[in-house]
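Data first, discussion second: the structure below is written as structure tokens.
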């Protein structure tokens, strides 16, 4: 991090170019590439859970439809809308910072963080409803009938998938909140926005994961 | 050292808003079609809509259209590996005849 070369004085409004890069653009492209490698590991992290879900759903189609009907479709749809809106607001925040509109960027980022928090609160309500309906596999599970085992499997996967997703939302909200404060303090600008752009990429991926979670969890067996 | 043009590419606000409207419309469409009796087409439509939404987010919000080819390749790889993981796992589960244990 030290400007050891010493020939170029560090300007806080610029991304400092490390010596292995030709220029700031190349450094930013390398950072974006690295972020996508990390996001690929995230896709596979959730991918394992998605693969388990696919196999269990192929094996127990009726049980999964019955289990999905226990979830709150209206709340799930609102949560999806909230995440989609938050994705567009963080995209607008990155656009604003590229144009040196720090105030607007900070507002859009604060909005994103608030939307992320409201997502977590809504999901908390869902978990509470499931707790009162005795839908916690292994601890408090009171389903009976021919599909009880499949319903239990569905809710196991449900808690793992939505739990890890909520954890990612929490991390995202924290990062975006901290960066919003740094934006207000003038740490970023039209020549220095890589950190913001990469955080936005992370947030969009969290959104993409939820785009697939929504039909998998909330929309199965709704027509029956 | 040839410093390249560093001015960032700016996407018009209208494009982001149109994509948001498209995403919310697709969300309404997937919620609506889920209530219709379409059999296995319910799942196909829902997954199809999810793929379209993902492509919209990736191309516009994540600036994949402006990214270098190497970045695009890496961003596609995660999904390719995931597709391999799910497809090959299903080959196993869909072709294996269940053999119950003697006491079952």
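Within the stretch A:194-210, can one find any residue that is assigned to a loop (DSSP other than H, G, I, E, B) and touching a residue at least 12 places away in the same chain (Cβ under 8 Å)?
Within the stretch A:194-210, the subset assigned to a loop (DSSP other than H, G, I, E, B) is none.
Checked the stretch A:194-210: no residue is assigned to a loop (DSSP other than H, G, I, E, B) and touching a residue at least 12 places away in the same chain (Cβ under 8 Å).
Tell me, which residue of the stretch A:62-73 that is more than 9 Å from chain B (Cβ to nearest Cβ) and in a helix (DSSP H, G or I) is nearest to residue A:15 (Cα to Cα)? Walk me through it before giving the result.
Within the stretch A:62-73, the subset more than 9 Å from chain B (Cβ to nearest Cβ) is A:62-72.
Among the residues that remain, those that are also in a helix (DSSP H, G or I) are: A:62-68.
On the way: A:62: 55, A:63: 54, A:64: 50, A:65: 51, A:66: 53, A:67: 50, A:68: 48 Å.
So the residue we want is A:68.
Tell me, please, whether a residue that is out of contact with any strand residue (DSSP E or B) (no Cβ under 9 Å at 6 or more places or on another chain), without any contact (Cβ under 8 Å) to a residue 24 or more places away in the chain and crowded, with 16+ Cβ neighbours inside 10 Å can be found in the stretch A:133-140. Full working, then the answer.
Taking the stretch A:133-140 first, the residues out of contact with any strand residue (DSSP E or B) (no Cβ under 9 Å at 6 or more places or on another chain) are A:133, A:136-140.
From the residues that got through so far, the ones that are without any contact (Cβ under 8 Å) to a residue 24 or more places away in the chain too are A:136-140.
From what is left, the residues that are crowded, with 16+ Cβ neighbours inside 10 Å are A:136-137.
Yes, the stretch A:133-140 contains a residue that is out of contact with any strand residue (DSSP E or B) (no Cβ under 9 Å at 6 or more places or on another chain), without any contact (Cβ under 8 Å) to a residue 24 or more places away in the chain and crowded, with 16+ Cβ neighbours inside 10 Å.
Keeping to the stretch A:34-49, report how many residues are in contact (Cβ under 8 Å) with a residue 24 or more places away in the chain and within 7 Å of another protein chain (Cβ to nearest Cβ).
Qualifying residue count for the region: 3.
Just to be sure I understand, how many residues within the stretch A:82-113 are farther than 19 Å from residue B:14 by Cβ and surrounded by fewer than 16 Cβ atoms within 10 Å (Cβ to Cβ)?
Residues that pass the stated criteria total 2.
Yes/no per residue for (1) modelled with pLDDT under 95; (2) more than 30 Å from residue A:71 (Cα to Cα):
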{"position": "B:2", "(1), (2)": "yes, yes"}
{"position": "B:11", "(1), (2)": "yes, yes"}
{"position": "B:21", "(1), (2)": "no, no"}
{"position": "B:36", "(1), (2)": "yes, no"}
{"position": "B:56", "(1), (2)": "no, no"}
{"position": "B:66", "(1), (2)": "yes, yes"}
{"position": "B:72", "(1), (2)": "yes, yes"}
{"position": "B:77", "(1), (2)": "yes, yes"}
{"position": "B:84", "(1), (2)": "no, no"}
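The values are calculated or read from the model by the stated rules, or taken from the named source; none is laboratory data. Treat the numbers as computed from the prediction; the structure is a model and nothing was measured. Note that each Cβ is placed from the backbone with ideal geometry, even for glycine, and that neighbours are counted across all protein chains shown.
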